[in-house]
Amino acid sequence: MTIHVPDVTHPLLNLAASSSTPWYLSNELIGPVVGALVGAALTFFLARGGLNRENSLLKTRADNLQSERDKARSELRAARAEVGALRKVETKYTEVKKILGDSSVVKDYDQPVLLLGPRNVGKTSLVTQWHAPWNSDTLESTRRLLTSTVPVFDYTQPDAAPHFADADVLTKVHVHLKVKVHDFPGEPHLQHEVAKVARSETKRLREETRKALGVVLVCMFDAEEAATGVSSETKRYYNGEFFSHLRGFVINEAIGIERLVVVFNKFDLLRAKMPGQPDDALINECITTFDPIIEPFHYMCNSERVCETITVLDRDKLRLSQGASVVLGEAARGLVTTMAGPTSAAGLFPEGSQATRRMAARYPRVS
Ligand SMILES: Nc1nc2c(ncn2[C@@H]2O[C@H](COP(=O)(O)OP(=O)(O)O)[C@@H](O)[C@H]2O)c(=O)[nH]1
Ligand SMILES: [Mg+2]
């Protein structure tokens with residue numbers, strides 16, 4: 001049997017064999033171990049220092065985030081309160097808007113109408129027929145300008161105007177169209193008033209409606225004069241000075257003439273003077289008699305704006321009265337057409353009761 005003897009050449013065995021110091025206390029072994037331990041300790045301490053720093057940074061960040069969150073929370077609370085308050089305002093505003101929307105605005109537009117003609121021709125009788133056809137009082141002669149308004153047409157425009165209390169709310173507009181009648185005295189020496197009123201009324205109407213409208217002239221004649229001859233009163237009233245004065249203002253557009261309505265009043269007297277003649281022939285008789293007198297007007301306004309009609313306005317014979325509503329319709333036609341449209345204007349006239357336009361056919365168009 002063979003006994004195996006360890007190989008004494010192994011360094012460790014050799015070491016142990018060669019010294020009295022135990023092998024685990026030898027310098028060769030301790031040095032690296034201590035080095036490793038010191039290294040590990042250093043690494044440990046360094047790493048711990050780094051972690052501490054990181055930790056405190058994280059803590060600072062966490063603190064910051066928390067205060068930001070608190071701030072955001074309180075802002076959210078404030079914003080919620082504000083939203084609540086605004087909702088209340090919104091509810092109130094919606095209610096107010098509805099009430100404003102249901103309300104309406106009233107607008108009045110007046111067509112100026114100037115009644116012209118010598119004394120006793122029937123100017124005041126015409127106004128009385130427009131206002132109170134049942135009134136049979138004897139009229140006093142008109143010594144000064146009398147002005148009054150007569151309603152002619154009302155209509156409603158939906159969503160037409162911003163409400164004065166809130167421009168975002170559109171409200172209905174109830175429009176009242178009227179004629180504003182100026183009943184002048186028939187004396188020629190008081191005629192300067194006519195041009196003055198025509199100028200101020202043209203200006204007012206254009207400003208109010210923002211349309212190129214003008215005044216309506218109603219020129220009245222005593223139809224009986226077609227049989228008896230034109231009276232000196234009529235000739236004196238419609239004199240050259242009167243026309244040239246007006247013409248100056250028409251040319252420089254201070255006066256706009258919307259319509260010229262020629263009225264042959266007291267037609268009952270003409271019928272009595274020329275019995276057996278149809279009205280149509282009598283109208284032609286009037287045109288032949290009076291047209292030369294008002295001829296200068298034809299050169300002041302477009303002939304399309306000229307029309308003529310017959311009237312009987314005697315309050316003693318109310319049953320026979322005729323034509324007052326035709327004159328009113330013709331006077332209002334321009335304003336109603338411009339503001340409410342041609343269909344509304346057509347409704348102003350009962351079937352077949354419009355003025356004729358025979359005089360206009362005798363003249364060239366002027367603009
Ligand atoms: N026969 C008749 N008389 C009338 C007619 N129109 C008015 N008159 C009368 O004529 C007179 C003068 O009328 P008025 O209206 O005061 O005329 P104005 O001076 O132009 O205002 C009054 O007595 C009226 O009754 C009519 O168509 N026929
Ligand atoms: Mg009068």
Task: Matching entry among Phe242, Phe221 (being away from ligand 2 (no atom under 16 Å from the Cβ) and outside any loop (DSSP other than H, G, I, E, B)) - done: Phe242
TODO: Quickly run through region 276-314 and pick out the residues that are among the aliphatic types (A, V, I, L, M), open to solvent by less than 10 Å² (accessible area, probe 1.4 Å), in a helix (DSSP H, G or I) and closer than 23 Å to Val127 by Cβ.
DONE: Ile294
Task: Within region 302-321, tally of residues that are within 24 Å of Arg259 (Cα to Cα) and either modelled with pLDDT of 90 or more or away from ligand 1 (no atom under 12 Å from the Cβ) (or both) - done: 12
TODO: Report, ordered by the first and then the second residue, all pairs with beta carbons closer than 8 Å, sequence separation of six or more or different chains, a first member in region 244-273 that is among the polar types (S, T, N, Q), and a second member that is assigned to a helix (DSSP H, G or I).
DONE: Ser244/Pro296; Asn265/Ser125; Asn265/Leu126
Task: Qualifying position, being modelled with pLDDT under 85, more than 60 Å from the chain's Cα centre (by Cα) and of a type in the set (A, V, I, L, M), among Leu58, Leu29 - done: Leu29
TODO: Give the residues of region 119-146 that are at pLDDT 90 or above and either more than 10 Å from ligand 2 (Cβ to nearest atom) or not assigned by TED's automatic domain parsing to the domain that holds Met339 (or both), sorted by residue number.
DONE: Gln129, Trp130
TODO: Look at region 327-357 and say how many of its residues are touching a Phe, Trp or Tyr at 6+ places or on another chain (Cβ under 7 Å) and at pLDDT 90 or above.
DONE: 7
- [ ] Determine the pairs where a residue that is buried (at least 18 other Cβ atoms within 10 Å of the Cβ), located within region 228-239, has a partner that is among the small types (Gly, Ala, Ser) with Cβ atoms under 7 Å apart, the partner being 6 or more residues away or on another chain.
- [x] Tyr237/Gly117; Tyr237/Gly186
TODO: Counting only residues that are closer than 28 Å to Leu318 by Cβ and open to solvent by less than 30 Å² (accessible area, probe 1.4 Å), give me the strands (runs of 3 or more DSSP E) lying completely in region 71-190 with at least 3 of them.
DONE: 104-116, 166-183
- [ ] Would you mind telling me which numbered condition in (1) more than 16 Å from ligand 2 (Cβ to nearest atom); (2) open to solvent by less than 10 Å² (accessible area, probe 1.4 Å) Ala361 fails?
- [x] (2)
Task: Enumeration of residues in region 184-213 that are under 19 Å from the mean Cα position of the chain (by Cα) and either within 16 Å of ligand 1 (Cβ to nearest atom) or in contact (Cβ under 8 Å) with a residue 40 or more places away in the chain (or both) - done: Arg204, Leu205, Arg206, Glu208, Thr209, Lys211, Ala212, Leu213
Task: Enumeration of residues in region 257-275 that are more than 16 Å from ligand 2 (Cβ to nearest atom) and either open to solvent by less than 10 Å² (accessible area, probe 1.4 Å) or of a type in the set (Lys, Arg) (or both) - done: Arg259, Leu260, Val261, Val262, Phe264, Phe267, Leu270, Arg271, Lys273
Task: Any pair with Cβ under 7 angstrom, 6 or more apart, that starts in region 101-120 at a residue that is within 16 Å of ligand 1 (Cβ to nearest atom) and ends at one that is at pLDDT 95 or above and of a type in the set (S, T, N, Q) - done: Pro118/Thr234
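The values are calculated or read from the model by the stated rules, or taken from the named source; none is laboratory data. Nothing here was measured: the structure is a model prediction, and the numbers come from that model. Positions of Cβ are backbone-derived with ideal geometry, glycine not excepted, and every protein chain shown enters the neighbour counts. Protein only, heavy atoms only, side chains kept; ligands, DNA and RNA dropped before computing areas. Shrake-Rupley method; radii C 1.70, N 1.55, O 1.52, S 1.80 Å.
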